[in-house]
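I have placed the structure first, in the form of structure tokens, so that the comments after it can refer back to it.
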Amino acid sequence: MSIDEKELALAAEHPRGTERRRLLPYRAALNDAAAYAALPEDDRDAIVRWTEVRRRIREAIGLDHDPANLADPLLPYAQLRAHVLEGERIAARRSVFNDPGGDLVEVVGALRSRD
């Protein structure tokens, strides 16, 4: 799951529309960690990938959820990341997982590979 500069630039330019297109099909899974865990891995990968894009544009340009933007809000990054990791923890059948921070694609890869 590599993320290139073109994808980051598009996400930074049109974050809300891109987030809506990427995540709308997974609305139920984003409201319930067990529903997230039940998704096929390819679908979970799409969510993980977008969440990592969000981390990178947040770090690069400071873009995140703005509670004042009621018309077109982004999901709060920290909440999205925590939900993804909880769903991945459930899918991996682990009782606990502590987020080490950093690149979410790498973190999820490590979480999935552990027995």
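Before moving on, here are some points about what is shown:
- Selection of the stretch 18-28 for residues being more than 17 Å from residue 77 (Cβ to Cβ) and open to solvent by less than 80 Å² (accessible area, probe 1.4 Å) yields only 28.
- Number of the condition not met by residue 24 [criteria: (1) under 18 Å from residue 108 (Cα atoms); (2) at pLDDT 90 or above]: (1)
- Within the stretch 79-104, restricting attention to residues that are among the aliphatic types (A, V, I, L, M) and open to solvent by less than 70 Å² (accessible area, probe 1.4 Å), the residue that is nearest to residue 19 (Cα to Cα) is 80.
- Of the criteria (1) closer than 14 Å to residue 87 by Cβ; (2) open to solvent by 40 Å² or more (accessible area, probe 1.4 Å); (3) among the aliphatic types (A, V, I, L, M); (4) under 13 Å from the mean Cα position of the chain (by Cα), which one residue 38 fails: (4)
- When the stretch 59-78 is limited to residues that are within 17 Å of residue 22 (Cα to Cα) and either over 16 Å from the mean Cα position of the chain (by Cα) or not hydrophobic (A, V, I, L, M, F, W, C) (or both), the one that is surrounded by the fewest Cβ atoms within 10 Å (Cβ to Cβ) turns out to be 72.
The values are calculated or read from the model by the stated rules, or taken from the named source; none is laboratory data. Keep in mind the model is a prediction, meaning the values are calculated, not measured. Methodologically, a virtual Cβ is constructed for each residue, glycine included, from the backbone with ideal geometry; neighbour enumeration extends over all protein chains shown. Surface accessibility is based on the protein's heavy atoms, side chains included, excluding ligands, DNA and RNA. Shrake-Rupley method; radii C 1.70, N 1.55, O 1.52, S 1.80 Å.
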